[in-house]
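All remarks here apply to the structure that follows.
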């Protein structure tokens with residue numbers, strides 16, 4: 001894949017402007033000259049899938065990914081089937097919106113049973129892959145920081161994500177590298193190299209010190225301690241040349257004007273990423 005310029009790769013992950021509807025985020029990105037957007041499913045649902053597709057198409061933006069699928073573990077087989085059905089809908093939505101990447105946040109354990117939860121993640125992937133492949137959609141496993149293991153994902157290292165992905169073809173399952181979740185890992189760079197050919201997404205933000213909130217504590221690039229450019233260079237060396245999503249959960253940022261956030265985001269992205 002030809003490497004685009006840094007600017008041509010910039011994508012607004014919609015959660016960064018959480019106060020905006022999808023229509024507002026798309027139109028704001030177009031005003032700011034940002035070429036990519038990564039919608040979230042709940043925002044697509046508010047607008048409706050057909051209207052979401054039309055709005056994105058009419059502005060000329062490209063869709064870098066859809067967030068999110070996953071959440072596979074559940075206490076009963078019936079509940080796991082419901083979750084699998086929802087993942088199939090997510091695949092259909094991704095394909096309809098014109099992206100070939102569905103980001104997976106794999107889900108927490110039930111009743112403290114980490115081993116079973118991780119097995120259910122593996123089984124969920126195995127069941128979902130044929131359906132996703134039939135729709136031209138790749139599944140991107142995003143490992144989350146270990147502090148989210150109890151609530152959001154039992155996949156907490158890039159090594160775990162790689163091991164899950166390697167059970168499938170690179171055209172079926174890969175990994176999403178989010179700097180907020182992996183920057184701390186002493187095995188990060190060997191695992192990025194291991195993921196060569198399987199990196200389906202790259203997300204940037206920053207780790208603020210002290211961290212103001214476990215969920216809503218991400219910083220704008222340059223406000224924290226993450227070696228953003230070094231990690232970007234590593235994922236590029238591993239073959240990733242796709243969009244770079246700015247994904248920030250932070251109430252103080254959400255409370256600002258969306259256009260102001262995008263202007264700051266653009267400047268910090270070019271300076272630090």
Residue check: is residue 88 surrounded by fewer than 20 Cβ atoms within 10 Å (Cβ to Cβ), in a helix (DSSP H, G or I), more than 21 Å from the chain's Cα centre (by Cα) and at pLDDT 95 or above?
no
So the strands (runs of 3 or more DSSP E) completely within region 9-85 holding 3 or more residues that are farther than 28 Å from residue 112 by Cβ, in contact (Cβ under 8 Å) with a residue 40 or more places away in the chain and under 19 Å from the mean Cα position of the chain (by Cα) are 10-13
Please name all residue pairs, on different chains or six or more residues apart, with Cβ atoms under 8 Å, provided the first residue is in region 201-214 and is over 12 Å from residue 226 (Cβ atoms) and the second residue is assigned to a loop (DSSP other than H, G, I, E, B).
201/64; 201/65; 201/142; 201/242; 201/243; 202/240; 202/242; 202/243
Please give the number of the condition residue 214 fails out of (1) at pLDDT below 95; (2) farther than 14 Å from residue 145 by Cα.
(2)
Of the numbered conditions (1) touching a helix residue (DSSP H, G or I) at 6+ places or on another chain (Cβ under 9 Å); (2) closer than 28 Å to residue 62 by Cβ; (3) surrounded by fewer than 23 Cβ atoms within 10 Å (Cβ to Cβ), residue 110 fails exactly one; give the number of that condition.
(2)
If you check residue 117 against the conditions, is it surrounded by 16 or more Cβ atoms within 10 Å (Cβ to Cβ), within 17 Å of the chain's Cα centre (by Cα) and either free of Cβ contacts under 8 Å to residues at least 12 places away in the same chain or in a helix (DSSP H, G or I) (or both)?
no
Write out, first by first residue and then by second, each pair whose Cβ atoms fall under 8 Å of each other, whose residues are 6+ apart or on separate chains, and whose first residue, in region 120-131, is on the phi > 0 side of the Ramachandran plot and at pLDDT 95 or above while the second is assigned to a helix (DSSP H, G or I) and surrounded by 14 or more Cβ atoms within 10 Å (Cβ to Cβ).
none
Only one of 223, 255, 259 is touching a strand residue (DSSP E or B) at 6+ places or on another chain (Cβ under 9 Å) and over 20 Å from residue 144 (Cβ atoms). Can you tell me which?
223
Flagged in region 128-151 as touching a helix residue (DSSP H, G or I) at 6+ places or on another chain (Cβ under 6 Å) and part of a helix (DSSP H, G or I), in numbering order, are 128, 131, 132
If you go through region 161-170 one residue at a time, do you hit one that is surrounded by fewer than 22 Cβ atoms within 10 Å (Cβ to Cβ), under 19 Å from the mean Cα position of the chain (by Cα), over 15 Å from residue 143 (Cα atoms) and touching a residue at least 24 places away in the same chain (Cβ under 8 Å)?
yes
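The values are calculated or read from the model by the stated rules, or taken from the named source; none is laboratory data. Every value quoted in this text rests on a predicted model; they were computed, and no experiment measured them. Neighbour counts are summed over all protein chains in view; Cβ atoms, including those assigned to glycine, are modelled from backbone coordinates with ideal geometry.
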